[in-house]
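The values are calculated or read from the model by the stated rules, or taken from the named source; none is laboratory data. Source: prediction; values computed, not measured. No Cβ is skipped: glycine too gets one built from the backbone with ideal geometry, and neighbour counts run over all protein chains shown. Ligands, DNA and RNA are stripped out before the accessible areas are found, and what is left, the full protein with its side chains, is counted by its heavy atoms. Shrake-Rupley method; radii C 1.70, N 1.55, O 1.52, S 1.80 Å.
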Amino acid sequence: DNCGLRRNRSKMLAATRLSQRPQLSAQHYRPAAFNATSGRMISRRSYASAVKYTPEHEWISVEGTTATVGISDFAQNALGEVVYCDLPSVKASVAQKEVLASVESVKTASDVYSPVEGTVIEVNEKLRTEPTLLNKSAQSEGWIAKLQVKDNYKDQIAKLMDESAYKKYCEGLDH
Amino acid sequence: MLRPRILVKSLDKRSYSDSFSIQKHRFDTMLANRNDPVSAEHNRRNNMLYLVEHDPEVFTMGRRDTSSDLLVTEEKLKSDHNIELVRTTRGGRITWHGPGQLVGYPIIDLHHFQNKGVEWYVQSLQQSIIDTINHFGIKGGTTSDVGVWIENNRKICAIGVSASRWVTMHGFALNVNNNLSSYRHIIPCGISDKGVTSMSKELNRKVEISEVVPVLLNNMQRIFDVDMEMAPLDADEIKK
């Protein structure tokens with residue numbers, strides 16, 4: 001019966017589409033990739049903002065109302081081998097420039113600051129058992145936390161550096 | 001541009017909590033100064049190194065809970081031995097501080113040091129200590145565990161630091177002529193199969209902290225490539 005087959009097929013297709021939708025849970029998370037030239041996060045959705053950097057070497061990328069925060073590759077290199085990550089609690093709220101997380105390397109506890117005001121909706125659980133992920137992939141798989149942000153995030157990140165400005169900033173610090 | 005400068009202040013014998021307040025105040029000031037280009041430049045020439053001997057003796061832990069390194073309960077430590085356990089914001093595990101141990105707290109902005117970062121900073125501290133004890137004829141080295149070790153099996157200097165927005169706090173603790181018996185209450189830095197030692201124990205004579213300080217400062221000046229100068233205490237840093 002052709003009608004039956006068509007109905008089943010469209011049900012199958014619908015089911016597939018649902019499972020392909022990006023999930024916000026760690027289990028289904030696909031690591032963010034960044035375009036090396038533009039700094040834009042490559043995602044299934046095309047409206048992700050470009051990566052921005054703070055002078056303290058944190059990065060932030062916003063997709064809709066979700067901001068992903070981590071530390072830059074420059075920062076992980078300056079830290080040395082990370083042995084421990086102190087992650088925030090989910091549902092914790094954090095103000096802009098407040099301590100979001102802490103990272104330990106060479107007997108040094110280093111604070112990571114939030115570039116924006118927001119509420120923690122997800123943390124990278126992998127960092128608890130594999131802290132060196134921060135060294136291996138600071139700007140991709142080593143993301144630290146995802147925050148729910150409000151519209152004011154745009155003002156808060158307006159003054160932050162884009163990829164090329166940040167690169168110059170890191171080089172310029174060598175004087 | 002001038003080299004960065006570190007001012008050195010001697011707090012003599014001071015309690016852990018007093019010393020921490022002084023460090024914290026200095027740290028907060030340095031961060032606040034960053035907001036203004038004039039005071040930010042002032043920061044560059046006014047990084048700080050506080051030298052102190054902690055009195056009374058204390059045990060301190062880092063941010064992670066390492067109470068398993070304590071071999072007696074915190075209550076017994078207080079009731080039987082009159083020693084306090086302090087939880088701090090530094091990295092690293094449990095350690096001891098007391099008279100006869102030279103403790104140094106550099107409050108420096110790593111941005112001033114070509115932004116080399118904390119790994120470089122800790123390695124430079126280690127090297128400064130190694131070169132210092134070497135001057136006295138003690139051969140020290142590093143292992144996979146941060147600190148300065150003698151023959152890989154006894155620790156002579158512990159290091160535990162914190163960095164917030166690239167400004168450092170906490171620092172190092174070099175055993176000069178302190179009594180080592182209090183270490184029996186802990187597994188120092190969580191390492192159970194190695195010991196602790198001091199400069200006096202290694203050299204079989206009493207080494208004075210006053211002998212060590214000038215050598216250490218010379219080495220730090222060279223290794224960090226900074227100007228170092230002794231400076232008097234501010235009014236709020238003087239012992240009450």
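Please work out the Kirkwood hydrodynamic radius for the range A:131-175, using every pair of different C-alpha atoms, and report it in angstroms with one decimal place.
Values: mean 1/r = 0.0764 Å⁻¹.
13.1 Å is the Kirkwood radius here.
For the range B:147-240, the relative contact order comes to 21 percent (Cα pairs under 8 Å, sequence separation of at least 6). Hydrodynamic estimate: the Kirkwood radius of the range B:98-226 over Cα pairs, inserted into Stokes-Einstein at 20 °C and 1.002 mPa s, corresponds to D of 142 µm²/s.
Only one residue of B:Ser144, A:Thr65, B:Leu180 has its Cα farthest out toward the positive end of the dipole of the protein assembly as shown, where Lys and Arg carry +1 and Asp and Glu -1 on Cβ, and that residue is A:Thr65.
Amide H contacts of B:Thr89: none lie under 5 Å away among residues 5 or more positions distant or on a separate chain (H built 1.01 Å from N in the peptide plane; Pro and chain starts excluded).
In sequence order, the range B:53-60 has phi-based couplings of 10, 7, 8, x, 5, 9, 10, 10 Hz under the Karplus curve 6.51 cos²θ - 1.76 cosθ + 1.60, θ = phi - 60°, and Gly or Pro positions carry x. Measuring nothing but alpha carbons in the range B:182-235 and taking Rh as the Kirkwood radius, the Rg to Rh ratio lands at 1.12. Close amide H partners of A:Glu122, meaning residues 5 or more places away or on another chain with modelled amide H under 5 Å apart, are A:Lys146. In this simple spin-label approximation, B:Asp80 and A:Lys136 carry label points 7 Å from Cα along the Cα→Cβ vector, and these lie 4.5 nm apart.
Rounding to the nearest 20 debye, state how big the charge dipole of the range B:1-155 is about its Cα centre with +1 on each Lys and Arg Cβ and -1 on each Asp and Glu Cβ. The partial results should precede the final answer.
Details: 21 positive and 19 negative charges, 99 e Å.
That gives the range B:1-155 a dipole magnitude of about 480 debye.
Relative contact order of chain B, taken over Cα pairs closer than 8 Å and 6 or more residues apart, is 25 percent. Pairing chain A with chain B buries about 2200 Å² of accessible area. This figure sums both sides and uses a 1.4 Å probe. Ignoring lysines fewer than eight residues from A:Lys154 along the same chain, the ones with Cα atoms less than 17 angstrom from its Cα are A:Lys52, A:Lys97, A:Lys146. Sorted from greatest to least, the principal axis extents spanned by the alpha carbons of the range A:45-175 come out as 39, 38, 27 Å.
Sequence-ordered 3J(HN,Hα) estimates for the range A:158-171 from the Karplus curve with 6.51, -1.76 and 1.60 and θ = phi - 60° stand at 3, 8, 6, 8, 7, 3, 6, 5, 5, 4, 5, 4, 5, 5 Hz, glycine and proline given as x.
Could you give me D for the protein assembly as shown, from Stokes-Einstein at 25 °C and 0.890 mPa s, where the hydrodynamic radius is the Kirkwood radius over C-alpha pairs? Units µm² s⁻¹, please. Mind dumping the intermediate values first?
Values: Rh = 23.4 Å.
D, rounded to a whole number, is 105 µm²/s.
3J(HN,Hα) couplings calculated from phi for the range A:131-148 with the Karplus curve 6.51 cos²θ - 1.76 cosθ + 1.60 (θ = phi - 60°) are, in sequence order, x, 5, 4, 5, 6, 5, 8, 4, 9, 9, 5, x, 4, 9, 8, 10, 10, 7 Hz; Gly and Pro show x.
Summarise the accessible area of chain B (1.4 Å probe, protein heavy atoms) by the percent that is carbon and sulfur. Provide the component values of the computation, followed by the final result.
Values: 4950 of 10120 Å².
About 49 percent, which is the carbon plus sulfur part of the accessible surface.
A simple spin-label model places the labels of A:Ser89 and B:His135 4.9 nm from each other, with each point 7 Å out along Cα-to-Cβ. The alpha carbons of the range B:1-125 stretch over 55, 27, 25 Å along the principal axes, in descending order. Once all Cα-Cα distances of the range A:97-174 are split into 5 Å bins that start at 0, what whole-number percent is in each one? Binned Cα distances yield the sequence 3, 12, 17, 22, 23, 15, 6, 1. Remark on the range B:115-138: accessible area falls by at least 40 square angstrom from chain-alone to full-complex state for B:Asn115, B:Val118, B:Glu119, probe 1.4 angstrom.
Expressed as a rounded percentage, what relative contact order does the range B:104-180 have, with Cα pairs under 8 Å and six or more residues apart?
Working: 103 pairs, mean separation 25.5, N = 77.
It comes to 33 percent, rounded to a whole number.
Here, the range B:77-148 yields an orientationally averaged convex hull projection of 6.8 nm² when only Cα atoms define the hull. Amide H contacts of B:Asn47: B:Arg5, B:Leu7, each under 5 Å away and 5 or more positions distant or on a separate chain (H built 1.01 Å from N in the peptide plane; Pro and chain starts excluded).
Find the Rg to Rh ratio for chain B, where Rh is the Kirkwood radius over alpha-carbon pairs and Rg uses the same atoms. Spell out each step's value before the answer.
Values: Rg = 17.3 Å, Rh = 18.2 Å.
Radius of gyration relative to Kirkwood radius: 0.95.
Per residue, the accessible area of the range A:52-116 comes to 32 Å², computed with a 1.4 Å probe over protein heavy atoms only. Taking B:Ile133, B:Ile187 and ordering them by how much accessible surface each has at a 1.4 Å probe, largest first, produces B:Ile187, B:Ile133.
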